[in-house]
Amino acid sequence: MALKKIQDEVDFYEQRLKEAESKLYEYYCSQKKDVVKVIDQEITDRWSMYHGDCIEVMKGLPSNLIHYSIFSPPFSSLFTYSNSIRDMGNSTDGEFYDHFEYFIEELYRVLMPGRLVSIHCSDIPAMKERDGYIGLKDFPGKILRLFENVGFIYHSKVMIWKDPLVEVTRTKAIGLMHKQIVKDSSMCRNGTPDYIITIRKTGVNKELISHKNGFEYYIGEREEPKQKRGGSNLTNKYSHHVWQRYASSVWFDIRQGNTLNVKQARDKEDERHICPLQLDVIARCLELWTNEGDIVLSPFAGIGSEGYGALKMRRKFIGIELKKSYYDVAVKNLYLVSKTKYKGFGLV
């Protein structure tokens, strides 16, 4: 009991510290002359990577510049990426959604009319010591409503299957443990999948995304369709079968381990694990919703996964990252992929 009381006190003061840091961040934002817009940057003819606060950096981008944006947002109070007071993940739930809405408004401005944004997210576990109860919080639903409030149109949502055994091993969630079946199955629950929520800016898309002969490649862990590829839209049966997989409301065939290496970007100040976006997911979204040469934005770029995929598929990329160790690794990854020649989705 004494140990639990001490832990409760630690949790209480940690929460108060986060609230104080958030208020300090708001004060810094109000003192515009003291705000540093870009801490560091690396710019080439194919990609730009900025170290700084995404809202401040995006203010320097022209309106209607971006063809597509894909990213994993900082999950409110769940994943801690840095100890910076500018990190939205260091906010309470209410403060997080207030800050995130400012971000959405800026994203709406820089996106081209009729073009899309894809958000990689999942439900957030509610914890007794933090939230007062055990359950789930509808993080995807809350951020979708924020995007709609700013003026975006809800376009689509796809579920990405994850192995519940891997989840329980990583999170130690009571609801996924087999022993809970024996004790009291009223507290048992399903695993939490990832989602890709896609929204669209109002207006007409003036640069059509046309796959004239359908799909020529399949991205995923299943065996490739055996049907003949190539030819016209009508004769390319290979493309029809690829589309059936992509059009599914659940993507069962994402290679969960197909991610960039995050270990090299971690440092001693990382409080919890980070959440990498699978390269298969990025490639599918880019194939569906961009053309070659389009500008792809990741405002929470991490170690550069979205940029890695974009450059590999002959798109251009703008990335923004607040945490220095992630920014440094992202720059290395972008230089690496820029020096490699690709044909389709495989190495030449």
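The values are calculated or read from the model by the stated rules, or taken from the named source; none is laboratory data. Note that this is a predicted model, so its numbers are computed, not measured. Here the Cβ is made from the backbone with ideal geometry for all residues, glycine too, and neighbour counts use every protein chain on show.
Observations
- When 232, 239 are checked against the criterion of being without any contact (Cβ under 8 Å) to a residue 40 or more places away in the chain, part of a loop (DSSP other than H, G, I, E, B) and not charged (D, E, K, R), 232 stands alone in meeting it.
- Some residue of region 106-116 being at pLDDT 95 or above, in a helix (DSSP H, G or I) and in contact with a Phe, Trp or Tyr (Cβ under 8 Å, 6 or more places away or on another chain): yes
- Of the residues making up region 88-100, at least one is under 16 Å from the mean Cα position of the chain (by Cα), modelled with pLDDT under 85 and under 25 Å from residue 279 (Cα atoms).
- Within region 173-190, the set of residues being free of Cβ contacts under 8 Å to residues at least 24 places away in the same chain and over 25 Å from the mean Cα position of the chain (by Cα) comprises 177, 178, 179, 180, 181, 182, 183, 184, 185, 186, 188.
Listed here are the residues, each with its yes/no results for (1) modelled with pLDDT of 85 or more; (2) within 18 Å of residue 192 (Cα to Cα); (3) not aliphatic (A, V, I, L, M).
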residue: 53; (1), (2), (3): yes, no, yes
residue: 61; (1), (2), (3): yes, no, no
residue: 136; (1), (2), (3): yes, yes, no
residue: 146; (1), (2), (3): yes, no, no
residue: 155; (1), (2), (3): yes, no, yes
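- Of residues in region 276-330 being surrounded by fewer than 22 Cβ atoms within 10 Å (Cβ to Cβ) and small (Gly, Ala, Ser), the one farthest from residue 196 (Cα to Cα): 325
- Neighbours by Cβ (under 6 Å, 6+ apart or cross-chain): first from region 90-114, more than 16 Å from residue 143 (Cβ to Cβ); second modelled with pLDDT of 90 or more and in a helix (DSSP H, G or I): 110/58
- Candidates 158, 166 - the one that is closer than 30 Å to residue 255 by Cβ, out of contact with any Leu (no Cβ under 7 Å at 6 or more places or on another chain) and exposed (fewer than 14 other Cβ atoms within 10 Å of the Cβ): 166
- Test set (1) modelled with pLDDT of 90 or more; (2) more than 23 Å from residue 98 (Cβ to Cβ); (3) within 19 Å of the chain's Cα centre (by Cα) - residue 201 fails condition number: (2)
- Checked against (1) farther than 29 Å from residue 313 by Cα; (2) modelled with pLDDT of 90 or more, residue 65 passes all but a single condition, namely (1).
- Selected residue [more than 20 Å from residue 55 (Cβ to Cβ), in contact with a Phe, Trp or Tyr (Cβ under 9 Å, 6 or more places away or on another chain) and among the basic types (Lys, Arg)] from 157, 172, 137: 157
- Residues (touching a residue at least 40 places away in the same chain (Cβ under 8 Å), among the aromatic types (Phe, Trp, Tyr) and either out of contact with any strand residue (DSSP E or B) (no Cβ under 7 Å at 6 or more places or on another chain) or surrounded by fewer than 18 Cβ atoms within 10 Å (Cβ to Cβ) (or both)) located in region 132-154: 154
- For region 191-229, the candidate set comprises residues that are surrounded by 12 or more Cβ atoms within 10 Å (Cβ to Cβ) and without any contact (Cβ under 8 Å) to a residue 24 or more places away in the chain; within that set, the residue that is farthest from residue 284 (Cα to Cα) is 227.
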